[in-house]
1. Taking region 85-98, which residues are of a type outside the set (A, V, I, L, M) and not in a helix (DSSP H, G or I)?
2. Would you mind finding the one in Phe98, Phe119 that is surrounded by fewer than 19 Cβ atoms within 10 Å (Cβ to Cβ) and either within 22 Å of Gly175 (Cα to Cα) or in contact with a strand residue (DSSP E or B) (Cβ under 7 Å, 6 or more places away or on another chain) (or both)?
3. Within region 101-130, how many residues turn out to be in contact with a helix residue (DSSP H, G or I) (Cβ under 8 Å, 6 or more places away or on another chain) and either assigned to a helix (DSSP H, G or I) or closer than 15 Å to Phe81 by Cβ (or both)?
4. Restricting region 183-202 to residues that are among the charged types (D, E, K, R) and farther than 28 Å from Leu165 by Cα, which is surrounded by the most Cβ atoms within 10 Å (Cβ to Cβ)?
5. Do the conditions hold for Ile108, that is, is it closer than 15 Å to Met134 by Cβ, free of Cβ contacts under 8 Å to residues at least 24 places away in the same chain and not acidic (Asp, Glu)?
6. So which of Ser145, Ser167 ends up being within 14 Å of the chain's Cα centre (by Cα) and surrounded by 16 or more Cβ atoms within 10 Å (Cβ to Cβ)?
7. Kindly indicate which of Leu82, Leu78 is surrounded by fewer than 17 Cβ atoms within 10 Å (Cβ to Cβ), assigned to a helix (DSSP H, G or I) and of a type outside the set (Asp, Glu).
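All of the numbers you see were taken from the coordinates with simple rules; none came from a lab. Model, not experiment: these values are computed from the prediction. Neighbour counts run over all protein chains shown; Cβ positions are idealised from the backbone, glycine included.
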Amino acid sequence: MKNAFSVLSNFIIVVSTAPLLLYYMLMDDRAAVHKLLERVPGRYKNGLKETLQEMDKALSGFIVGRVTLCLLLGGMVLAGFLLIGLPYPLVLALVIAFMNMIPYIGQILGLIPCVIVAFIDEPSSVIWVVVVIMLAQQIEGNILSPYIYGRKLDVHPITTLLLILVSGTLGGIIGIMVAIPVYLLLKIIVIRIYNRWEKTVT
């Protein structure tokens, strides 16, 4: 009991202090960017500043999209748990949504407590819990994810699917985690270089 209380209290402390720490980290990053721009020659300063702003906007859109997907997944799972009568549906749906921030591994970690609760309550309901979670994850991964990333990041849904498939094949879980952010940053850099080259040619 004491161990459970200790874990819970530590979790609450981390969650409550994380936004403050993130704020100061972002402030430090802005200060570092300003120092970097001060060292850049004048003719490159505006271009670099605009590029960094585009990168910041793209990564922010990716994070917002990821959080949105997790919330939608949690909503679908909650509806399914209520339908099958699983105990503690809201808590378990929140666990699924939170763990979904971690691709693939998070889905397995989120499934475990749901299966345990279902087995304790009614062993025969375990299969329905697995079906609800897998169905929600398939909808999130194959339908909602390409659509939301396409709207938030101006990336075509087919491009998103191809990125996930190729990065998963080449880099596994890590590849899937970094595929879209890396693609966004490279896309911005390539477009910037091309536009600059086009201006010099014309």
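1. Residues of region 85-98 of a type outside the set (A, V, I, L, M): 85, 87-89, 98.
Listed by number, the residues that qualify are Gly85, Pro87, Tyr88.
2. On the way: Phe119 fails: either within 22 Å of Gly175 (Cα to Cα) or in contact with a strand residue (DSSP E or B) (Cβ under 7 Å, 6 or more places away or on another chain) (or both).
Matching residue, one of Phe98, Phe119: Phe98.
3. We begin by selecting, within region 101-130, every residue in contact with a helix residue (DSSP H, G or I) (Cβ under 8 Å, 6 or more places away or on another chain); these are 101-107, 109-111, 113-115, 117-119, 125-126, 128-130.
Next, from what is left, pick out any that are either assigned to a helix (DSSP H, G or I) or closer than 15 Å to Phe81 by Cβ (or both): 105-107, 109-111, 113-115, 117-119, 125-126, 128-130.
Result for region 101-130: 17.
4. As a first pass, look at region 183-202 and keep what is among the charged types (D, E, K, R): 187, 192, 196, 198-199.
Now restrict to residues that are farther than 28 Å from Leu165 by Cα: 196, 198-199.
On the way: Arg196: 11, Glu198: 9, Lys199: 8.
Looking at the filtered set, the residue picked out is Arg196.
5. Criteria met by Ile108.
6. Numbers: Ser167 fails: within 14 Å of the chain's Cα centre (by Cα).
Answer to the selection: Ser145.
7. Details: Leu78 fails: surrounded by fewer than 17 Cβ atoms within 10 Å (Cβ to Cβ).
None of the others qualify; the one that does is Leu82.
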